[in-house]
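The values are calculated or read from the model by the stated rules, or taken from the named source; none is laboratory data. This structure is a prediction, so every number in the text was calculated from the model and none was measured. Quick reminder, even Gly has a Cβ in these numbers, built from the backbone with ideal geometry, and neighbours come from all protein chains shown. These area figures cover heavy atoms from the full protein model, side chains too; ligands, DNA and RNA do not enter into them. Shrake-Rupley method; radii C 1.70, N 1.55, O 1.52, S 1.80 Å.
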Amino acid sequence: MAQPPVPIRCAGRPTLGSLVIPWITLHAGGRYLFGALDKDRRDRALAERRCQVCGQSFDERICLAVRPADVYAGYTAEPGMHPECLAYSVRACPMLSGDATRYRATPASSGLPGVAEEGHGPRAGRPADAFDAWWITPSSYCVKTDPEHPGQLLGIDLDVPVLRKRPIRPAAGLDLDSLFALARQALGLEDTASSCPYQPDGSPQPHNTAKESD
Ligand SMILES: [Zn+2]
């Protein structure tokens, strides 16, 4: 497969096999470990509102890669991305491109001392999840903290207005929700414009939540 073009923003990032190494990728044991998160970098990206791929500040649009389980939990543990950095990741990352059908059975950081495996354990060896891309504005980009441990950053709040949603990849294996969602989109039944809060006709702003007060 041809290597995807590297976004200008990522031109200064280190590469491995000509693939850009994301800003939050763990560097341990003298090498970068694709697929393993550096928890400190993740927390900094969340707190300092940096893109998880290039490490730079956001502009007027922020993209999130969201799994159904994230929607259920109400947040995504991973920081946002610039639209072009997500577009690059969708082509370069096997988990987002759909090439990977399962999570690693053994973490990339397995055996390295002092490396947290947080967030990996429950998914190890399981079929890959479906991912959607969400576009939100900087004003909707809010970090959720653990109510019982206020210093602990859970991730990005998903209970916010969403400008646009697009499927990135379906789940591996039989996931009826994903299949139905793809079928709806293929049949043109998915009205993606309805999630845009900037309606040109001045109609009320729809939410992705059921909390409208009017
Ligand atoms: Zn970026």
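Values computed for the structure shown
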read-out: Summed residue charge, Cβ within 10 Å of Leu158's Cβ, Lys/Arg positive, Asp/Glu negative; value: -2
read-out: Long-range amide H partners of Arg164 with built H, under 5 Å; value: Trp135
read-out: Other-chain or far-sequence residues with amide H under 5 Å of Thr145's (modelled H); value: Leu154
read-out: Long-range amide H partners of Arg104 with built H, under 5 Å; value: Gly125
read-out: Separation of the Asp159 and Asp59 label points, Cα + 7 Å toward Cβ, nm; value: 3.2 nm
read-out: For the range 5-17, Karplus couplings with θ = phi - 60° (6.51, -1.76, 1.60), whole Hz, Gly/Pro x; value: x, 7, x, 3, 4, 9, 4, x, 6, x, 10, 9, x
read-out: 1.4 Å probe accessible area per residue over the range 1-49, in Å²; value: 57 Å²
read-out: Net charge of neighbours whose Cβ lies under 13 Å from the Cβ of Asp70, counting Lys and Arg as +1 and Asp and Glu as -1; value: -1
read-out: Distance in nm between pseudo-label sites at Gln185 and Ala73 (7 Å out along the Cβ direction from Cα); value: 2.2 nm
